[in-house]
1. Residue 518 versus (1) open to solvent by 20 Å² or more (accessible area, probe 1.4 Å); (2) in a loop (DSSP other than H, G, I, E, B); (3) under 30 Å from residue 240 (Cα atoms): which is the lone unmet condition?
2. Open to solvent by less than 40 Å² (accessible area, probe 1.4 Å), over 21 Å from residue 359 (Cβ atoms), part of a loop (DSSP other than H, G, I, E, B) and at pLDDT below 95: which single residue out of 480, 529, 541 fits that description?
3. Of everything in segment 391-419, what is open to solvent by 50 Å² or more (accessible area, probe 1.4 Å) and under 25 Å from the mean Cα position of the chain (by Cα)? Give them in sequence order.
4. All but one of (1) in a loop (DSSP other than H, G, I, E, B); (2) exposed (fewer than 15 other Cβ atoms within 10 Å of the Cβ) hold for residue 337, so report the exception by its number.
5. Determine, yes or no, whether residue 371 is open to solvent by 50 Å² or more (accessible area, probe 1.4 Å), assigned to a strand (DSSP E or B) and either at pLDDT below 90 or closer than 28 Å to residue 421 by Cβ (or both).
6. Do we find that residue 162 is in a helix (DSSP H, G or I), of a type in the set (Gly, Ala, Ser) and without any contact (Cβ under 8 Å) to a residue 12 or more places away in the chain in this structure?
7. Just wondering, is there one or more residues in segment 550-569 that are among the aromatic types (Phe, Trp, Tyr), within 24 Å of residue 123 (Cα to Cα) and part of a strand (DSSP E or B)?
8. Is it true that residue 180 is farther than 25 Å from residue 162 by Cβ, hydrophobic (A, V, I, L, M, F, W, C) and open to solvent by 10 Å² or more (accessible area, probe 1.4 Å)?
Amino acid sequence: MIYLRLFSQDPVTIFMAVLVLVFAVGLGIVRKPFGKNQTRKNIWRVLCFVPLLVCVIHFIACRFVGSWWYNYHIYGAFYLTAIVTAFYPLLDLWKIPAKVFSIILNIGAVVGFIYTLVFPMPSNSGLRNYTKQSYTQSFISLTKDLEKYYSLKDWKKTDIQAIAKKIMPAIEEAERTNDAGLFYAAVTAFGHYFYDGHVSNWPEGDRDAWLRGLRLLGGSDYGFSMLRLDDGRVVAVVSLRECPPDMVGIHNGTQIVEWNGKPIEEALEEVECIYQGNTYPVKENEEFFRPVFLATRGMGESSDIAEYLINRARLGESEPGPNALVTFINSEGNLQTEEFSPLDYGYERIEYVMMYLISFGVYPNRYGVDKNFDIKMINEDTAYMLRNSETYNYFGDILSYLTGKYPSFKKYLRRKLEELKAQGMKNLIIDARNNFGGYPALASETASLFSDHTFVTDVTFSDIDGKHKRLLTEYVQADGSFKDINVVVLTNSFCVSAGDYFVRVMKECPNVTTMGFMPSNCSCQPQGGQVLLTDSICNFGYTINWLYEDDGKTRFIDTDNTRTCTIPLDVKVPLTYEMAASFNFEYAFTWEENQNNIRDFVMEYALDYLNKKK
């Protein structure tokens, strides 16, 4: 795996780390042979400043504009070594300190070199810095990197240049108007069309650009959102408690039959579900969320995303968008059509209804489970585990990444499960909804405790230069200490990466049931590609390595161009009228105070499911 990570690392950064290491160690070695010859000693003293001089030039040319965090962590180790090396001649005036310093400097130089190589490996080994380029230049540079390094291009049949061409008008408009928010929104839209949970952007330093980008993508707020029930009806949700006069007839549960003059199903097919943090490798997940985004689109708005964003960007701050024409079934059972003007930007209502659907942070607090891997009994025979990431201990996580094993985590988990079993635990609900991933060894070690058979999880291949070479096969080793426990794993489309890995390996275990409104994200190839764009407005991440099934042909977990779910739910929780009608916007305004009043229907369904198994 280290070999695969190194192939994509920035060669300039590696060159600088090597150069500083060679100078730091080399100057310590030749210090003595120079002896008392003053000319040679002066040459040696001048050479001590060479690494610092080169680093200054490197900083001027290659620094991350707008992101000191990356400057510290990516370049900081060899910058510090170069600074210390420059002070070497001062200590050489005293023999004993110079000898001690020489040893310390050499060790520090080696540590700094290793840090420069190892720090980016787990998540950003393919780091590229385009922060000094213009909007258009950095976007073009990004597409070139993706063409070279994006490891799922062939599997998903991704036409990168076609996507770039579709988005480029918005990028060019952002550059022409110096609109960082439009640039952020356009890059977000660009990542959407890869249908890969590991291909997306996120804010780095410009919060104003991020917020403006959300406003552009979020459309308009017409006073309610929408959801499609399991019976096919599209109904209003999170409607305002006090409706203004022009909204008479719309309330939670009102059935919507037309939007902007089109039958609701036709209108849904045309809407784009593009928003920060939302990715849809699984087509059914996108279908689930389509009504939420349709509820933010007004009359006459283009379905072309670049044109849509450009038109939105040209609106004034007090113009949240055009009116929307809505036909619905009123309380008398008759069709009624109303034209609604926008109340505000739509992104807040999008986020509120999303929070209801994914139950982010709602249920754990009710039982005092407030941190990852907390496990507590919630009734006489059922325990609840919060699992919002596959991370446990920083240094242990890194070691597990290199070895594929995590004995300290397994020991912790075994102890907790034994304690709960002694308290009467027969059922366990593991809440992996919104699990943002981490390190797969935690999932493998967990699954081993519930599995009565050893099985292959994934196989690492090298596809560098088109040579398909098998490198490493990972297994879940049978332990089965808790195979008699009924386990329900809750998931949703925001469970991604190593979270997907966890859901996948747990499905192989007896007595494990996966459950939710929607399946998980289905994106598990290792992320390492990372690009910082103009002025660090945003970072863009993508996958660079290759995980396969045991057959060496099928990609592990990630969907292909059909976007068919690879980790289907065992039990799909139905979205009913009762559920949708309870999604009340009143709670959303005071989310923290009222989160205990919000019903978590997926959790309720899981408890009822386990109760029926008794």
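1. Status for residue 518: all satisfied but (1).
2. Values: 529 fails: part of a loop (DSSP other than H, G, I, E, B); 541 fails: part of a loop (DSSP other than H, G, I, E, B).
480 is the lone residue from the list that is open to solvent by less than 40 Å² (accessible area, probe 1.4 Å), over 21 Å from residue 359 (Cβ atoms), part of a loop (DSSP other than H, G, I, E, B) and at pLDDT below 95.
3. So in segment 391-419, the residues open to solvent by 50 Å² or more (accessible area, probe 1.4 Å) come out as 392-395, 399, 402-403, 405, 407-408, 411, 414-415, 418-419.
Those that are open to solvent by 50 Å² or more (accessible area, probe 1.4 Å) and under 25 Å from the mean Cα position of the chain (by Cα): 392, 393, 394, 395, 399, 402, 403, 405.
4. It fails just one condition, (1).
5. On the way: open to solvent by 50 Å² or more (accessible area, probe 1.4 Å): yes; assigned to a strand (DSSP E or B): no; either at pLDDT below 90 or closer than 28 Å to residue 421 by Cβ (or both): yes.
No: the conditions fail for residue 371.
6. Yes: the conditions hold for residue 162.
7. Keep residues of segment 550-569 that are among the aromatic types (Phe, Trp, Tyr), which gives 556.
Still in the list and also within 24 Å of residue 123 (Cα to Cα): 556.
Subsequent filtering for residues that are part of a strand (DSSP E or B) retains none.
Checked segment 550-569: no residue is among the aromatic types (Phe, Trp, Tyr), within 24 Å of residue 123 (Cα to Cα) and part of a strand (DSSP E or B).
8. On the way: farther than 25 Å from residue 162 by Cβ: yes; hydrophobic (A, V, I, L, M, F, W, C): yes; open to solvent by 10 Å² or more (accessible area, probe 1.4 Å): yes.
Considered against the rule, which asks whether it is farther than 25 Å from residue 162 by Cβ, hydrophobic (A, V, I, L, M, F, W, C) and open to solvent by 10 Å² or more (accessible area, probe 1.4 Å), residue 180 comes out as yes.
The values are calculated or read from the model by the stated rules, or taken from the named source; none is laboratory data. It should be emphasised that the depicted structure is a prediction, and the values quoted were computed from it without experimental measurement. Reconstructed Cβ throughout: ideal geometry from the backbone, glycine too, with neighbour counts over all protein chains shown. Please note that ligands, DNA and RNA were not included when accessible areas were found on the heavy atoms of the full protein model with its side chains. Shrake-Rupley method; radii C 1.70, N 1.55, O 1.52, S 1.80 Å.
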